[in-house]
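The values are calculated or read from the model by the stated rules, or taken from the named source; none is laboratory data. Just so it is clear, the structure is predicted and the values come from calculations on it, not from any experiment. Note: ideal-geometry Cβ built from the backbone for every residue, glycine included; neighbour counts use all protein chains shown.
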């Protein structure tokens, strides 16, 4: 199952994901119109700042098991099995913040919510919902679509891990075959010795 994968080393801190997220969760789904809405739509993804002022995109991991579901007293938190998404029923939320205290990643925020039928406004817990409305229309989650540095990608874990494995392999290959810098280093000699031992072991096995 595809989900948004975070690659923090690629984040530039541009916050385009936050703007896209807020727009996707607005009434109009339009950036310029969303800026005039009341209550103002808010982002469900948050950019933190590291020790070297680098960006870090922080969003709900949709844990399994999910501490927020276990902590919610009213049953406002639940899992949508079709998308493996932890969702919130805002009408059941009583703003007790038990979910926020239980969340290990600090991604739950509390914003004003207006019921579209009763027009009643209240402050409720909000977080990433994996853009389930967009996914129903076969669209990529807004944050991943907006991210130009690929710090946020929409794919399966297997796809992400396979690509990372290939990147590591290519990086090691460049070092091994670089005559100017790495060919005489102890690390390469150790690798070549290890490789020769593996060949001998395989030959003996045959």
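Looking only at segment 88-102, which residues are under 19 Å from residue 67 (Cβ atoms) and either surrounded by fewer than 16 Cβ atoms within 10 Å (Cβ to Cβ) or not assigned by TED's automatic domain parsing to the domain that holds residue 26 (or both)? So that I can check it myself, show each step before the final result.
Filtering segment 88-102 for residues under 19 Å from residue 67 (Cβ atoms) gives 88-89, 92-102.
Within segment 88-102, 89, 92, 94, 95, 96, 97, 101 qualify.
If you go through segment 44-61 and pick out every residue that is without any contact (Cβ under 8 Å) to a residue 60 or more places away in the chain, under 20 Å from the mean Cα position of the chain (by Cα) and in a loop (DSSP other than H, G, I, E, B), you end up with 4.
Consider residue 69 carefully, then state whether it is free of Cβ contacts under 8 Å to residues at least 60 places away in the same chain, touching a helix residue (DSSP H, G or I) at 6+ places or on another chain (Cβ under 7 Å) and not in a loop (DSSP other than H, G, I, E, B). So residue 69 does not fit the description; no. Applying the set (1) touching a residue at least 40 places away in the same chain (Cβ under 8 Å); (2) within 22 Å of residue 154 (Cα to Cα); (3) touching a strand residue (DSSP E or B) at 6+ places or on another chain (Cβ under 9 Å) to residue 64 leaves exactly one unmet item: (1). Within segment 103-122, identify whether any single residue is in a helix (DSSP H, G or I), in the same structural domain as residue 47 (by TED's automatic domain parsing) and under 21 Å from residue 43 (Cα atoms), and answer yes or no. Checking segment 103-122: not a single residue is in a helix (DSSP H, G or I), in the same structural domain as residue 47 (by TED's automatic domain parsing) and under 21 Å from residue 43 (Cα atoms). Of all the numbered requirements in (1) within 19 Å of residue 16 (Cβ to Cβ); (2) buried (at least 19 other Cβ atoms within 10 Å of the Cβ); (3) out of contact with any strand residue (DSSP E or B) (no Cβ under 7 Å at 6 or more places or on another chain), residue 46 misses one, and that requirement is (3).
Which is in a helix (DSSP H, G or I) and either closer than 30 Å to residue 74 by Cα or modelled with pLDDT under 95 (or both), of 125, 169? If you could, list the steps in order and put the result at the bottom.
Numbers: 125 fails: in a helix (DSSP H, G or I).
Answer to the check: 169.
Please specify each residue of segment 16-43 satisfying the condition of being part of a loop (DSSP other than H, G, I, E, B), without any contact (Cβ under 8 Å) to a residue 40 or more places away in the chain and more than 18 Å from residue 119 (Cα to Cα). Residues satisfying the conditions are 29, 30, 35, 43.
Restricting attention to segment 129-144 and to residues that are touching a strand residue (DSSP E or B) at 6+ places or on another chain (Cβ under 8 Å) and surrounded by 16 or more Cβ atoms within 10 Å (Cβ to Cβ), the residue that is nearest to residue 102 (Cα to Cα) turns out to be 129.
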